[in-house]
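The values are calculated or read from the model by the stated rules, or taken from the named source; none is laboratory data. None of these values were measured; they are calculated from a predicted model. Note that we place each Cβ from the backbone using ideal geometry, even for glycine, and neighbour counts take in every protein chain shown. What goes into the accessible areas is simple: the full protein's heavy atoms, side chains included, and nothing from ligands, DNA or RNA. Shrake-Rupley method; radii C 1.70, N 1.55, O 1.52, S 1.80 Å.
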Amino acid sequence: MALLDILEFPDPRLRTKAETVEAVDDNLRQIIDDMFETMYDAPGIGLAATQVNVHKRLVVIDVSEDKSEPLVLINPEYEVLDQELESCQEGCLSVPGFYEEVVRPRHIRLKALDRDGKPYELEAEDLLAVCIQHEIDHLNGKLFVDYLSPLKRNRIRKKLEKQHRASA
Ligand code: QAP
Ligand code: CO
């Protein structure tokens, strides 16, 4: 097991579109284990492979309070189940220290492969639904700050760039 480095906004590598996973093998399971360790260490509730500079369609999520509901999403897809929207305060391990309201559909159906490569489906609402959408955005090179006004996004970018310069 190993902790992985997390890319931070505005790193251009976060804009990479991830590739479909062709084989769910031990090599991929090693990355999955390292991603869970990295997410729990942070601590966070979701981490996409893009954030650790692995450009495969792979996400780990656990929205429980006690690390009891680990979810692996390989090649995930979702459909919106009803038109109801919900505003949720979102954060991101790639945008540390910033939290903003984002509006998204509140009820979705997810289809993905699990860590054995087996297909599954689940319906998700509220925090889990938001988290799934946030993480799948990462696989498409999209960040929650893209939903904010350019003014807010640029403020966040400048503050993070300043921190990155200070720690370099
Ligand atoms: C995505 O984000 C998410 O700024 C997962 O300093 C977040 O796990 C979806 C984190 C909220 C829905 C609602 C953020 C940790 C963790 C930070 C995370 C930080 C330390 C973010
Ligand atoms: Co994120």
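Some values worked out for this structure:
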quantity	calculated
Ordering of 73-84, 116-127 by burial proxy (mean other Cβ atoms within 10 Å per residue, highest first)	73-84, 116-127
Span per principal axis, largest first, for the Cα atoms of the chain (Å)	44, 40, 31
Formal net charge of residues neighbouring ARG106 (Cβ-Cβ distance under 10 Å; K, R +1; D, E -1)	-4
Relative contact order of the stretch 1-120, pairs being alpha-carbon contacts under 8 Å that are 6 or more residues apart, as %	24
The chain - mean residue ellipticity at 222 nm from DSSP helices (-39,500 (n - 2.57) per run, n ≥ 4, rounded to 500)	-9500 deg cm²/dmol
The stretch 4-26 versus the stretch 112-168: alpha-carbon centroid distance in Å	12
Computed over the stretch 86-168: relative contact order in percent, which uses C-alpha pairs under 8 Å that are six or more apart	22
Order by protection proxy (mean Cβ within 10 Å, highest first), peptides 47-59, 31-43	47-59, 31-43
Residues of the chain: accessible area per residue with a 1.4 Å probe, Å²	54
The stretch 50-94: radius of gyration and largest Cα-Cα distance (Dmax), Å	13.3, 34
Share of carbon and sulfur in the accessible heavy-atom surface of the stretch 1-120 [1.4 Å probe, %]	47
Rg/Rh (Cα only; Kirkwood hydrodynamic radius) as it applies to the stretch 90-168	1.07
Debye, to nearest 20: dipole size of the chain, +1 on Lys, Arg Cβ, -1 on Asp, Glu Cβ	1120
Sequence ranges 9-15, 24-30, ranked by mean other-Cβ count within 10 angstrom, highest first	9-15, 24-30
Where Rh is the Kirkwood radius over Cα pairs, Rg/Rh for the stretch 15-79	0.95
Principal axis dimensions, the stretch 73-122 - Cα atoms, whole angstrom, descending	35, 29, 11
